[in-house]
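J.: Quick one: the structure is below, questions incoming.
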Amino acid sequence: MAPVKNPKTSSKPSETAVIAVTDGPAIPLKKDTGLFTAWRIAFFGAIAVVLYLVFFRSDPYGKILAFLPDGIVVTFKVTVLSIILALVIGLFTGLGRLSKNRLINGTASLYVEVIRGIPLLVQLFYIYFALGRFVNVPAMWSAVIAMAVCYGAYMGEIFRAGIEAIPKGQMEAARSLGMTHAQSMRQVILPQAFKTILPPVGNEFVALLKDSSLVSILAVSDLLRRGREFASETFTYFETYTMVALIYLIITLFFSKLISVMEDRISAGK
Amino acid sequence: MPENKRRVIVEMRHVFKYFGTLKALDNVSLDLYEGEKLVIIGPSGSGKSTLIRSVNQLEKIDSGSIVVDGYDINDRRTNINKVREEVGMVFQSFNVFPHKTVLENVNLAQLVVRRRSREEATEISKQLLLKVGILEKADQYPHKLSGGQQQRVAIARALAMRPKIMLFDEPTSALDPEMIGEVLEVMKNLAREGMTMIVVTHEMGFAREVADRVIFMDYGAIIEEGTPEHFFTSPSHERTRTFMKQIL
């Protein structure tokens, strides 16, 4: 991105305004060496609050925390399974969107447009109850399928952009050696595209982890639903949802950091 | 030896190619003989690259015919990948595979297309890397290499297929001046070994030393052809004379 300088308004060297609105928390930049970045305050603050509550207000917070781990496991299960399935769907959607075959291209584009136009919560309801009418799919799996179908569309756009970012000459060089289109994709284009795709896929992972709380309406005992179950029996709504929110926050911040570290590793290895 | 006794390996007849309304190739007919070294010159946008890229169908032509090593490449029944196995290509922008080491770059198509064993492929790759003078970089990734070195890897990669024809599309145009020589040297060696070559270039010294025949193109058409000497001493067309003055 080339900085655009406006000599009339900027007396000091102007920095390009990059408006980066993402779904995830803000990760401190490498050069930001200060101890009190927003990320650090949020992450360690959340851990401190959890520890404080559990040790000094163990009734009800200790009980709540003991009740939630099963839900955390389910949340992870839904997230990981969904993201894997979404990656597969996304790969084929991305390839489809780039296909010169009009039927394939049209199908992939239609899928993306339709999915992006329907709220995830509505899709979850729809797939859960629509599927339920024909086949008996366990709630867990309809949740995973619904999440994957939804995120697959976004993932498809990520794959498409990642593939398009590879210079045209790479495909030409591969084809000129006698490799088929599929071989060239597999051997030359996709391995390079994965590198550029990884950061946005990481962001999708975090976003999906948060959105997975929506599956709690489908009789899937994820973190949020476990909280709801506990709260409705003990009438400790405030305390329980405080705990649930803090746990989501810690998990999300942790993964965001992990992903940004991975990004650095990859760009350093270039 | 009279040329008509030698085998024609590329035969182009009345080839037309349009980019939108722009005529990129305008009724081009051309015979390339086995072992011949053909140099194509001409101003930018004259259709040189389009011509060379149509030989292995990186550009599809709109009408006319191109027969390469007996294959009519515009015939739907022709497997273009088979033709491309026999036609090596070197690009202006190298196009080495950045995610693979030098050795893997040269190995890849041998394994995937020629289905050679890894040992055999590596053996061949190492010979070729030695030949282009870059064997010591075999385990490096391309980004550690200079432009000239990358281009020599690209040449080795194409040669690994044991092609019958080599196409060079402005192979030195993206290089710093001090690296042009090393790439041209590799190409000259290849010419001496008898490789059939089509070279799009502005390097007139190379043309003079290597080319059997030179073609001058402008506005998508072949304006003039002849020996390198002909172009240096007595080009017949006004446009050719103007162009030669500009590049010499």
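The values are calculated or read from the model by the stated rules, or taken from the named source; none is laboratory data. This one's a predicted model, so the numbers in the text were calculated from it and none came from an experiment. Here Cβ is always computed from backbone atoms with ideal geometry, including for glycine, and neighbour counts include all displayed protein chains.
J.: Tell me which residues, restricted to region A:217-270, are of a type in the set (S, T, N, Q) and farther than 20 Å from A:Val50 by Cα.
T.: Result: A:Ser221, A:Ser232, A:Ser260, A:Ser267.
J.: Restricting to region A:139-191, and then to whatever is charged (D, E, K, R) and in contact (Cβ under 8 Å) with a residue 40 or more places away in the chain, can you tell me which residue is nearest to the other protein chains (Cβ to nearest Cβ)?
T.: Selected residue: A:Glu164.
J.: Test A:Val88 against the stated conditions and say whether it is under 18 Å from A:Phe205 (Cα atoms) and either within 14 Å of chain B (Cβ to nearest Cβ) or modelled with pLDDT under 95 (or both).
T.: Taking the combined requirement at face value, the residue does not satisfy it.
J.: It is to be established whether one or more residues within region A:233-241 are within 24 Å of the chain's Cα centre (by Cα) and either part of a helix (DSSP H, G or I) or not small (Gly, Ala, Ser) (or both).
T.: yes
One line per residue, one yes/no per condition, for (1) out of contact with any Pro (no Cβ under 7 Å at 6 or more places or on another chain); (2) surrounded by fewer than 20 Cβ atoms within 10 Å (Cβ to Cβ); (3) closer than 30 Å to A:Asn136 by Cα:
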site: A:Pro191; (1), (2), (3): yes, yes, no
site: A:Pro199; (1), (2), (3): yes, yes, no
site: A:Leu208; (1), (2), (3): yes, no, yes
site: A:Ser213; (1), (2), (3): yes, yes, yes
site: A:Val220; (1), (2), (3): yes, no, yes
site: A:Arg228; (1), (2), (3): yes, yes, yes
site: A:Leu249; (1), (2), (3): yes, yes, no
site: A:Val261; (1), (2), (3): yes, yes, no
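J.: Output the residues belonging to region B:101-158 that are under 23 Å from B:Ile80 (Cβ atoms) and outside any helix (DSSP H, G or I).
T.: Once the filter is applied, which keeps residues that are under 23 Å from B:Ile80 (Cβ atoms) and outside any helix (DSSP H, G or I), region B:101-158 yields B:Val113, B:Arg114, B:Arg115, B:Arg116.
Let's see how each residue does on (1) within 14 Å of chain A (Cβ to nearest Cβ); (2) buried (at least 20 other Cβ atoms within 10 Å of the Cβ); (3) out of contact with any helix residue (DSSP H, G or I) (no Cβ under 8 Å at 6 or more places or on another chain):
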| residue | (1), (2), (3) |
| --- | --- |
| B:Phe97 | yes, yes, no |
| B:Val102 | no, yes, no |
| B:Gln127 | no, no, yes |
| B:Gly133 | no, no, no |
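J.: Also, quick follow-up: Is it true that B:Ser65 is part of a loop (DSSP other than H, G, I, E, B) and either over 18 Å from B:Asp218 (Cβ atoms) or at pLDDT 95 or above (or both)?
T.: It is false that B:Ser65 is part of a loop (DSSP other than H, G, I, E, B) and either over 18 Å from B:Asp218 (Cβ atoms) or at pLDDT 95 or above (or both).
J.: Name the residue, out of A:Ala143, A:Ala161, that is surrounded by 22 or more Cβ atoms within 10 Å (Cβ to Cβ) and either more than 30 Å from A:Arg225 (Cβ to Cβ) or within 20 Å of the chain's Cα centre (by Cα) (or both).
T.: Checking each option against the conditions leaves just A:Ala143.
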